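Values quoted throughout were computed directly from the atomic coordinates according to the rules given, and no laboratory measurement underlies them. The structure displayed is predicted, hence computed values, not measured ones. Please note: Cβ atoms are built from the backbone with ideal geometry, for glycine as well, and neighbour counts cover all protein chains shown.
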Amino acid sequence: MAVSRFRESCIPARLRVGFADYLVADRWEDHWLCEWHDGGRWKRLDVEFAAIGGVSFDTLDVPGDRFLTASEAWIRIKGDAEMASRFGVSSLNLGGEWFVAGSLLREMAALRKLELKPWDYWGLSKNLSPVSTGLSQEARIELDDLASRLTTVTIDGEDEPDALADWPLPGEVISFPQGEAVAVVLHNS
């Protein structure tokens, strides 16, 4: 909603998919922010905490060490299973490399202005879950490439980043709105 409001006011804005360390102690919880451009640089707005307070920083400009985009998280957890286990949704006991991989794809889609739900999966992430045996080497290479591309969008404008233009968007996602898998055809992809 905040992204739409900024855009409606001709202020560049985009949705950022990632993880915050200020929701649950010692965890990086799944969290999405609005990133908006103030004319000089991109700032990250946490609408949820802007409304209720309770954090020790400016919610109109969330510090980079308190919120990691999915691509930053992917780079941070690489080769560290213990660190990866701290990323996810602790209240549902969901987390780990598979969770960050799904978030990485949703971050790419959001930056291409296909704003999905946190529980939508497709492509590489479609078969990932808490019980999956892990990612293939080919999938890791592909996700490493995507994470590398996503790190360049910080300096780009509000248009779809060129670095992501050739990455395929889904025509259908597997969604889990009530906990059960449902195939959803996307009409605007």
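Using C-alpha pairs below 8 Å separated by at least 6 residues, the relative contact order for segment 97-189 is 31 percent. Across the chain, C-alpha contacts under 8 Å between residues 6 or more apart give a mean separation that, scaled by the residue count, equals a relative contact order of 18 percent. Lysine pair count for segment 2-185 (Cα-Cα distance under 23 Å; residues 8 or more apart in sequence or on different chains): 5. Among GLY123, GLY88, GLY79, the largest mean-square fluctuation in a Gaussian network model of the chain, built with springs joining Cα atoms closer than 10 Å, belongs to GLY79. The ranking of CYS34, CYS10 by Cβ neighbour count inside 10 Å, starting from the fewest, reads CYS10, CYS34. Antiparallel versus total DSSP beta bridges in the chain: what percent is that, nearest 5? Close to 90 percent.
Remark: VAL182, VAL131, VAL89, VAL62 ranked as VAL131, VAL182, VAL89, VAL62, counting other beta-carbon atoms within 10 Å and listing the fewest first. Arranged from fewest to most other beta-carbon atoms within 10 Å of their beta carbon, GLU107, GLU142, GLU172 become GLU172, GLU142, GLU107.
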